[in-house]
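Everything below concerns the one structure shown next.
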C-alpha cells in the first residue's frame, strides 16, 4: 500500500510544481507560500477529524513534539525557498534541483539514522546527481 501512496505523492508533487508556477505569476512568493500552507493546514486538520485521529494528540511525547515542530520549520523554509526559486526560474530547472533532496536525505539518513548505504543506493544517488546536472545545464 505504501507504494501506491508514494506514487500518488509523486503525481501530486508534479502537479504542485506546475500549478504553482502558473499561480505564482504576479504574486509575491511569500504570499503564495502562505496561501498554499493555509490550504494544506485545512486539508490536514480535515483528515485528522475525518479519521478521528485528534484523540492521539495527548499521547504525543515531548521529543516527538520537538522533532515535528523542527520538521515543520524545515518544511516552511523549503517551501519558501521553492516558491521563490519557481518565481525566478524555469520549472524544468528548479524541480530537478529540488529533487536533489533525495540524495541529501539518503546521506542524512546514513549519518543520523545509521541507515545503510547499499551499492544500489549509491549508484542511484550518483545517477540522480548526474541526471540533475544534465537537466539544469
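The values are calculated or read from the model by the stated rules, or taken from the named source; none is laboratory data. Every value quoted in this text rests on a predicted model; they were computed, and no experiment measured them. Heads up, the Cβs are rebuilt from the backbone with ideal geometry, glycines too, and the neighbour counts pull from every protein chain shown.
Matching residues to (1) more than 20 Å from residue 12 (Cα to Cα); (2) part of a helix (DSSP H, G or I); (3) without any contact (Cβ under 8 Å) to a residue 40 or more places away in the chain:
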| position | (1), (2), (3) |
| --- | --- |
| 41 | no, yes, yes |
| 58 | yes, yes, yes |
| 81 | no, yes, yes |
| 94 | no, yes, no |
| 102 | no, yes, yes |
| 111 | yes, yes, yes |
| 121 | yes, yes, yes |
| 124 | yes, yes, yes |
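For region 22-37, enumerate the residues that are modelled with pLDDT of 95 or more and either surrounded by fewer than 10 Cβ atoms within 10 Å (Cβ to Cβ) or over 12 Å from residue 79 (Cβ atoms) (or both).
Answer for region 22-37, where residues must be modelled with pLDDT of 95 or more and either surrounded by fewer than 10 Cβ atoms within 10 Å (Cβ to Cβ) or over 12 Å from residue 79 (Cβ atoms) (or both): 27, 28, 31.
Looking at 78, 92, 101, 10, which one is under 26 Å from residue 137 (Cα atoms), surrounded by fewer than 12 Cβ atoms within 10 Å (Cβ to Cβ) and under 13 Å from the mean Cα position of the chain (by Cα)?
10
Just one of the numbered conditions (1) surrounded by 10 or more Cβ atoms within 10 Å (Cβ to Cβ); (2) more than 18 Å from residue 95 (Cβ to Cβ); (3) touching a helix residue (DSSP H, G or I) at 6+ places or on another chain (Cβ under 9 Å) is not true of residue 67; which one?
(3)
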